[in-house]
Structures are given as C-alpha cells and as structure tokens.
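The structure appears below as structure tokens.
The values are calculated or read from the model by the stated rules, or taken from the named source; none is laboratory data. Note that this is a predicted model, so its numbers are computed, not measured. Cβ placement follows ideal geometry from the backbone for every residue including glycine, while neighbour counts extend to all protein chains displayed. Protein only, heavy atoms only, side chains kept; ligands, DNA and RNA dropped before computing areas. Shrake-Rupley method; radii C 1.70, N 1.55, O 1.52, S 1.80 Å.
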Amino acid sequence: MPNLLLISHGSYAKATLNSCEMILGKLNNVKAIEFKQTMNQDDLLEEIEAIAKTFTKLDAILVDFTGGTPANTAIRFQAKHPEVKIYTGLSFSLLLAVASGTPFSEAYKQVAQTSGLLGEQKTEEKIKTNVSTKNSPRKTAMFVRIDERLIHGQVATMWTNALKLTRLMVIDDQIVKSSIQKTALKTACPNGIHLSILTAAGAAKRINNNQYIGQTVLILVKKPSILKQLVDLGVKLPEINVGNMSTKEGSHQVAKSVAVTKDDINDFKYLAKKGLTIYHQMIPSEAREDFINLPKTNGGQN
C-alpha cells in the first residue's frame with residue numbers, strides 16, 4: 001500500500017487509524033494529523049510538511065471531505081509536491097481497504113458496494129457477480145482457519161483478498177440453528193463471495209462429494225474439535241491456520257490472540273498426529289509460527 005497521510009477536522013483521522021490498526025496491526029506507512037480549532041492553514045501546512053519529511057516518500061494524502069481546511073491545505077502542499085495525490089472521503093472502510101492493499105479506485109467501489117442498510121437484499125447487479133464457479137477451469141483450493149470471530153474485518157478484507165477466495169464456509173453445529181447468527185454472517189460476507197453455513201456432517205458430505213470443484217474455499221471454525229469431526233468423517237484437510245481463540249474459563253494463552261483449554265490441546269495433538277500442519281498467523285503479512293511448538297504459557301502444558 002502507499003505511504004499515506006490522513007488529515008481531518010479534530011481527532012477523526014487519528015481515531016480512524018487507531019481503529020484500523022486494531023484489525024490490521026501496526027501500520028508504519030500511515031500517519032495522521034489532527035486539525036485543531038486553534039490552528040490556521042499555515043499551521044496545518046507546517047505540520048504536513050514536517051510529517052511528510054518522516055516518510056521515505058509520501059505517496060498520498062487522504063482528507064475527510066472536499067472544501068474543508070484539511071483538503072484545501074493539502075492542495076497547497078501538493079502545489080510544491082505534485083507527485084503526492086490527494087483523496088477525499090476518509091472513512092474506516094476506505095482506509096481498511098487501502099491498507100489491505102486495494103488500490104484507491106477499487107477501494108471506493110468496495111465502500112460503495114458494502115455501504116447501506118444491514119441485511120438489505122442484494123441488488124440484481126450484485127447477484128450477477130456471485131456466479132457459480134462449479135464448472136470453472138480454476139484449480140480447487142481449500143484453506144482452513146480457526147477464528148472465533150468467523151467472518152470479521154481481517155477475514156472479509158485481508159484473507160479474502162490474499163487467498164483470492166470464491167467461497168467462505170462456516171462450519172458450526174450450533175450456528176446453523178440460529179437465524180440471527182446466520183443473518184449476521186450473511187451480512188458480513190463480502191460482496192461476490194459465496195457463503196456456506198453448515199454442520200460438520202453436512203460440510204463433510206459436500207467436501208467428500210467434490211461439490212466445490214474449481215472454487216477457492218476458506219473453511220472457518222471456532223475451535224479445533226470441529227476439525228477433528230471433519231477428519232473423523234473422512235475429510236482430507238489442508239494446513240490449519242490458528243488465528244484467534246479467545247480467553248475463557250480454564251484456558252491459558254499461547255499466543256497474543258490464542259488461548260486454549262486442555263480439550264483444545266488434545267484436539268490439536270490429535271490433528272497433528274493425523275499428519276496435519278498447524279500454524280499460527282493472524283494476518284497474511286505476518287510470518288507463520290509452528291503452533292504445536294508454541295510455548296504453553298501461564299501454567300499450560302506441551
């Protein structure tokens with residue numbers, strides 16, 4: 001992504017950056033400036049010049065709206081630095097898309113497509129992008145991620161784009177019984193991506209029957225016991241990415257975003273004995289860690 005400077009009235013730019021970093025981690029190539037009531041254009045321009053020098057190369061400035069002091073001052077800065085592009089419409093959704101590697105032109109389209117009333121029926125135009133890939137010549141690819149949040153910011157933006165997914169498959173024996181949870185997952189699913197919400201038995205039947213030929217599928221589960229069920233039902237799983245397991249009673253933390261119980265550890269050992277590679281990786285840009293050999297801290301056992 002580009003080296004980017006955010007500017008807004010008040011603390012909005014800094015707050016947006018902080019919120020985005022909750023999902024993507026530290027963004028070293030993004031910085032933010034707060035335009036305060038006590039400042040004038042010259043003050044703001046001086047701060048922009050100072051912050052710009054901290055970048056190896058400043059590629060773009062993203063401001064809150066056209067015609068405001070941040071935008072007008074950015075234009076003054078651009079007069080001396082014509083290589084720097086200026087974009088308007090600073091928002092969490094836009095920054096999240098751009099910080100995930102999406103070009104601005106496509107990011108604006110994504111924001112437009114995903115903004116609006118939650119749960120609203122997809123338009124005919126959107127449905128057309130969700131065409132069947134059953135007869136596609138593309139090679140079938142399956143990925144697995146344990147993430148208690150299921151479809152959320154990191155999955156909907158970073159992993160979907162990094163893996164070039166065509167389908168998200170949520171496997172959970174309880175969620176299939178909850179219309180509220182299913183609606184929430186359908187709402188969170190990115191436009192143009194197929195979504196399956198299945199029991200372990202239902203998923204195993206479809207996978208074993210080669211129902212997803214030509215598709216790129218990310219299997220999402222909350223805990224390793226679901227994957228143990230799939231293995232016992234004859235599903236040949238690929239590598240397993242352990243992304244997020246929250247702290248709960250009887251659990252201990254083994255990574256920043258992963259806490260496991262004794263039952264979880266037993267399930268992971270079972271999967272490892274079946275020859276499955278298990279690793280920890282929160283976001284695509286992070287290096288993988290061998291999950292089985294992570295130190296079991298806070299009194300845990302290997």
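Put simply, the amide H of I86, placed in the peptide plane, has neighbours under 5 Å in I61, leaving out anything fewer than 5 places away on its chain. The phi torsions of the range 189-194, fed into the Karplus equation with coefficients 6.51, -1.76 and 1.60 and a -60° offset, translate into couplings of 5, x, 4, x, 10, 5 Hz, rounded to whole numbers, with Gly and Pro shown as x. Test of understanding: extend the Cα→C-beta vector of S105 to 7 Å, then name every residue of the range 138-164 with backbone N under 15 Å from that spot. What the label zone holds, given the 15 Å backbone N cut-off, is no residue at all.
Working note: Karplus 6.51/-1.76/1.60 with θ = phi - 60° gives the range 219-236 the couplings 7, 10, 9, 8, 8, x, 4, 5, 5, 4, 4, 4, 4, 5, 8, x, 7, 8 Hz, where Gly and Pro are set to x. Under a 5 Å amide H cut-off, with hydrogens placed 1.01 Å from N, I292 pairs with I278 among residues at least 5 apart or on other chains.
How much accessible area per residue does the chain have, counting only protein heavy atoms and a probe of 1.4 Å, in square angstrom?
Values: 15800 Å² over 302 residues.
Per residue, the chain has an accessible area of 52 Å².
Give the separation of the Cα centroids, the range 18-69 to the range 71-113, in Å. Computed from Cα coordinates, the inter-centre distance equals 12 Å.
Across the range 13-24, coupling constants 3J(HN,Hα) worked out from phi with the 6.51/-1.76/1.60 Karplus curve, θ = phi - 60°, read 5, 5, 5, 5, 4, 4, 5, 5, 5, 5, 9, 9 Hz, and Gly and Pro carry x. Mean-square fluctuations from a GNM of the chain, with a 10 angstrom spring cutoff on Cα atoms, peak among P190, P284, P224 at P284.
Here the range 173-238 is assigned +1 on the Cβ of each Lys and Arg and -1 on the Cβ of each Asp and Glu. Its dipole about the Cα centre then comes out at about 80 debye. Surface composition of the chain: carbon plus sulfur atoms hold 51% of the accessible area, using a 1.4 angstrom probe and ignoring ligands, DNA and RNA.
Could you size up the charge dipole of the chain around its Cα centre, putting +1 on the beta carbon of Lys and Arg and -1 on that of Asp and Glu, and report it in debye to the nearest 20? Don't skip to the end; give the middle numbers.
Numbers: 37 positive and 27 negative charges, 261 e Å.
In debye, rounded to 20, the chain gives about 1260.
Against the compact-protein benchmark of 2.2 N^0.38 Å, the Cα-based radius of gyration of the range 154-274 scales to 1.08. The H on the amide N of V254, modeled in the peptide plane, is under 5 Å from the matching H of A259, V260, each at least 5 residues off or on a different chain.
Counting residues in the range 55-118 as N, plug N into 2.2 N^0.38 Å and put the Cα Rg over that result. Could you put the intermediate results ahead of the total?
Values: Rg = 12.9 Å, N = 64, 2.2 N^0.38 = 10.7 Å.
Taking N as the residue count of the range 55-118, the ratio is 1.21.
GNM on the chain, alpha-carbon springs under 10 angstrom: the most fluctuating residue among T160, T38, T216 is T38. Across all directions, the average flat footprint of the convex hull enclosing the Cα atoms of the chain is 19.0 nm². Which part of the range 230-255 falls in the paramagnetic zone of A287, meaning amide N under 18 Å from the point 7 Å along Cα-to-beta-carbon? Within reach of a label on A287, which here means backbone N under 18 Å from a point 7 Å along Cα→Cβ, the range 230-255 contributes 242, 255.
Suppose each label sits 7 Å from its Cα in the direction of the beta carbon; what would the A79-A162 distance come out to in nanometres? Between A79 and A162, the simple spin-label model gives 4.3 nm.
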